[in-house]
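A short reminder: the numbers here are calculations on the coordinates, not readings from a lab. Please read these numbers as outputs of a predicted model, since none were measured by experiment. Here the Cβ is made from the backbone with ideal geometry for all residues, glycine too, and neighbour counts use every protein chain on show.
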């Protein structure tokens with residue numbers, strides 16, 4: 001399983017904040033105890049204000065977990081050494097058309113393509129189709145008003161080779177579909193059924209139609225004009241293949257009007273550098289047909305376009321909520337200062353400088369923000385692992401329906417914490433400045 | 001019809017709205033008649049202007065976001081709601097996405113597969129063929145892409161008995177001058193299929209103007225390039241600002257030319273018809289026509305399906321159901337909770353500062369419920385006022401000044417506008433959150449004990 005490093009920038013920012021606060025609090029001789037006691041004495045208002053931060057933090061955590069989950073899915077789907085070839089100008093596999101006659105040399109001509117033990121190029125010829133499936137009336141989904149679903153069907157020439165190229169295996173108990181791609185109907189029907197491999201996610205989704213947690217090996221379902229049988233379940237969790245159905249290419253194509261050609265060719269090279277070389281070679285040197293080659297990493301990065309659009313919308317919502325929350329915390333702090341004018345006067349007379357008072361009230365706001373932020377993060381983190389569906393696309397047509405899990409990781413924690421502390425800084429600055437400007441004798445009068 | 005006229009008519013249609021409007025009217029009358037408490041509330045709010053303004057701003061911001069979110073959700077819910085009259089049905093490939101049918105389906109489908117007496121025809125129809133391309137073959141980018149809807153120009157818009165008739169939503173809402181220009185442009189497109197109309201927003205992205213000629217290199221019809229494409233008009237910015245329309249004859253002729261040039265049909269020749277829209281008067285007619293089409297032996301390669309547009313839209317939105325769920329439930333609940341908390345903080349602070357004042361009011365003869373009412377009144381005035389103001393601001397700015405907000409991941413929808421109903425949302429949200437947030441502090445104010453307060457003072 002891939003691990004994802006913590007963003008150094010985020011870590012740096014939060015670390016800087018923390019060090020600054022600690023240095024200022026202790027070295028600056030700030031009357032922190034006084035601030036802490038005030039938070040406790042006025043606990044109702046403290047709790048209400050902290051809750052505002054908590055709600056913003058919780059919502060932001062869930063939204064960022066959604067975006068993070070999508071990013072992890074697309075990153076996890078890409079094999080660094082793979083090169084994906086589409087027809088020139090195709091913005092998505094759905095719009096690509098590689099006529100085999102013109103492109104069969106694509107697996108032999110390019111450099112760096114690895115070979116298997118039998119000397120065959122590690123090349124996966126694929127036909128990607130999106131298909132409409134009526135949801136059975138017996139399904140709970142149908143009763144909820146969902147009458148159709150879109151399924152991603154991938155017609156494969158050689159499932160063993162394709163799985164090897166994509167780094168997938170079968171769960172125990174399954175088998176690759178046969179060369180013919182069909183077998184006798186296990187339910188005794190007179191027509192043969194088409195053998196398929198299912199991603200784990202789509203197996204679960206289709207399992208609900210028949211009241212099972214997931215379709216299993218040997219289960220059948222209707223799709224188009226034929227019946228299909230599950231031959232195996234792919235170890236596809238965390239990849240876009242989780243929502244796909246793999247079947248023999250010819251059978252898949254014939255059933256859905258794509259009798260000839262392929263949409264995609266994926267070539268395996270040794271590593272990311274070799275993949276880049278091969279992709280460049282194909283785009284510039286392969287003249288037999290107009291193709292567009294890129295590394296799988298680049299291809300899946302482009303699929304993050306819709307994810308980036310979601311991120312922009314979420315950030316805009318979060319910013320509006322943050323500004324609202326900032327006004328709320330300003331209210332609290334202005335009220336706190338106006339009630340503690342005499343305290344401020346006494347502190348000034350005791351010798352505390354203006355900047356120390358500024359820091360004191362500033363830190364009080366940050367403390368409320370920190371408490372609320374941590375509570376919100378804890379609540380939002382409960383969403384970690386929730387299964388969601390969405391669309392991953394390049395924003396130029398097409399797109400894949402994907403199943404992924406909301407992912408709350410350290411980056412999310414650091415990012416949300418930074419955001420909340422930022423709210424605290426903006427919300428606490430003006431009230432702290434107003435406290436700093438109070439004159440000692442006037443405040444005691 | 002102006003928005004005010006529409007609002008008044010809609011009030012008459014909807015009992016809930018009528019009740020709400022009546023309550024507002026009664027409240028306003030009561031405030032005018034019992035103006036002294038209102039003056040007291042206003043003076044209380046004016047006593048600490050900073051706090052009042054901050055609370056109003058915070059509430060307003062949250063109402064603004066909720067209004068925008070609810071506008072999108074409201075529009076999506078409307079798009080997926082089944083109508084009972086003047087339905088639009090959509091005919092597509094039964095199994096495959098994108099839908100690709102042979103063009104010879106166009107004629108019989110437009111007639112609703114009418115084949116024998118007893119069958120019925122739709123009241124109108126429209127075929128859709130999609131032609132996407134780029135102006136720069138070597139470097140296609142989002143900016144130089146153009147996506148044409150290839151259709152019969154007269155189906156985009158025509159006049160019958162002086163009335164604008166169109167299968168496309170919103171065309172009849174265009175300004176009269178834009179309608180006249182559109183009508184003229186469509187007639188020109190019928191005379192010469194090389195002429196096209198492109199939306200103003202797309203023209204801006206392409207860096208082209210009306211009157212220019214372009215070449216379009218297709219990405220979904222490989223090896224087909226349309227030269228001498230003359231831009232003779234533009235859809236105004238807004239709903240159709242990103243769209244482009246071409247006479248379907250241009251595409252069909254290009255496919256014939258391909259066959260002549262290469263000696264074989266284009267690979268997409270039998271897959272060029274993408275959708276057919278049918279207009280039917282009611283659900284009964286829809287069911288009849290859907291049955292005619294799906295049982296017809298003429299549509300077997302490929303098979304087709306007939307569904308209402310709302311059902312089709314619903315199927316597409318299914319992929320976004322989880323995202324919409326997050327926004328609709330955790331999102332909106334969080335925002336409403338924040339509003340309540342902000343108001344609660346403000347009112348709590350205000351009540352705590354004015355305990356002596358509450359005690360004096362009690363001594364003067366105000367009952368506990370009067371004090372409860374005064375505090376709740378403050379919160380309600382603040383909440384309703386900022387809610388209504390913000391919702392009105394959102395409606396005016398987003399709907400009328402901006403023409404709606406386009407969401408890129410819902411690109412096939414027109415820009416999302418804030419409906420006039422948003423004014424009720426703002427009022428309701430402000431009132432609801434004000435009551436929820438201020439009830440506990442108001443109850444605490446109600447329970448102030450005069451003796452305790454004066455004992456502390458002495």
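Below are the figures for this structure:
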quantity	calculated
Kirkwood Rh, Cα atoms: Rg over Rh of segment A:302-371	1.27
Cα→Cβ-extended label distance, 7 Å offset, between residue A:108 and residue B:321, nm	4.9 nm
Principal-axis tilt of helix B:176-191 within chain B, Cα atoms, nearest 10 degrees	20 degrees
FRET efficiency for residue B:230 and residue B:84, using Cβ-Cβ distance with R0 set to 51 Å, rounded to 0.05	0.75
At R0 = 30 Å, FRET efficiency that the Cβ-Cβ distance of residue B:4 and residue B:123 yields, to 0.05	0.40
Value of [θ]222 nm, deg cm²/dmol, for the protein assembly as shown, DSSP H segments ≥ 4, -39500 (n - 2.57) each, nearest 500	-16500 deg cm²/dmol
Listed peptides A:365-374, A:406-415, B:325-334, B:78-87 by packing density, highest first (mean Cβ within 10 Å)	A:365-374, A:406-415, B:325-334, B:78-87
Cβ-based exposure ranking for B:167, B:246, B:151, A:423, in which fewest neighbours within 10 Å come first	B:167, B:151, B:246, A:423
Gain in span if fully extended, residue A:164 to residue A:142, counting 0.36 nm per residue against the direct Cα distance	4.3 nm
Shielding score for A:113-122, defined as the mean number of other chain Cβ atoms within 10 Å	0
Quotient of C-alpha Rg and 2.2 N^0.38 Å, computed over segment A:122-170	1.60
Segment B:258-407: radius of gyration over Cα atoms, expressed as a fraction of 2.2 N^0.38 Å	2.06
DSSP beta bridge pairing in the protein assembly as shown, given as percent antiparallel to the nearest 5	80 percent
For B:88, A:342, order by how many other beta-carbon atoms lie within 10 Å, fewest first	A:342, B:88
Cα-based Kirkwood hydrodynamic radius, segment A:338-445, one decimal, Å	17.3 Å
Distance between segment A:245-272 and segment A:178-222 - C-alpha centres, whole angstrom	20 Å
Globularity ratio of chain A, using Cα Rg and 2.2 N^0.38 Å	1.32
Where Rh is the Kirkwood radius over Cα pairs, Rg/Rh for segment B:24-178	1.21
Beta bridges per DSSP with both ends in chain A, % antiparallel, nearest 5	80 percent
Inter-chain shielding of A:56-64 (mean C-beta neighbours from other protein chains, 10 Å cut-off)	3
Relative counts (whole %) of C-alpha pair distances in segment A:79-301, using bins that are 5 Å wide	1, 7, 14, 19, 19, 15, 11, 7, 4, 2, 0
Mean projected area (nm²) of the alpha-carbon convex hull when the protein assembly as shown is viewed from all directions	45.9 nm²
Sequence-separation-based contact order of chain B, relative, with Cα cut under 8 Å and 6+ spacing, percent	23 percent
Separation of alpha-carbon centers, segment A:337-384 and segment A:395-434, rounded to whole Å	22 Å
Where labels lie 7 Å past Cα in the beta-carbon direction, separation of residue A:20 and residue B:36 in nm	5.5 nm
Percentage, to the nearest whole number, of Cα pairs in segment B:109-225 over 19 Å apart	57 percent
Peptides B:413-424, A:328-339, B:342-353, B:227-238 ordered by average Cβ neighbours within 10 Å, highest first	B:342-353, A:328-339, B:413-424, B:227-238
Antiparallel DSSP beta bridges within segment A:79-301, percent to nearest 5	75 percent
Kirkwood-Stokes translational diffusion coefficient of segment A:253-351, alpha-carbon pairs, 20 °C, 1.002 mPa s, µm²/s	106 µm²/s
Paired Rg and Dmax values of chain B, which use every Cα atom, in angstrom	29.7, 107
Radius, Kirkwood style, for segment A:88-143 when every pair of distinct Cα atoms is counted (Å)	15.0 Å
Residue-averaged beta-carbon neighbours from other chains (10 angstrom radius) around A:91-97	3
For segment B:174-213, the fraction of alpha-carbon pairs in successive 5 Å shells from zero, as %	6, 21, 25, 26, 20, 3
Values of log10 I(q)/I(0), in the order q = 0.07, 0.10, 0.14, 0.17 Å⁻¹, for segment B:96-302 under a Debye, Cα-only, solvent-free model	-0.23, -0.47, -0.90, -1.22
Mean Cβ count within 10 Å, highest first, over the residues of peptides B:367-376, A:48-57, A:273-282, A:80-89	A:48-57, A:80-89, A:273-282, B:367-376
As computed over segment B:30-113, the Cα convex hull volume per residue (Å³)	191 Å³
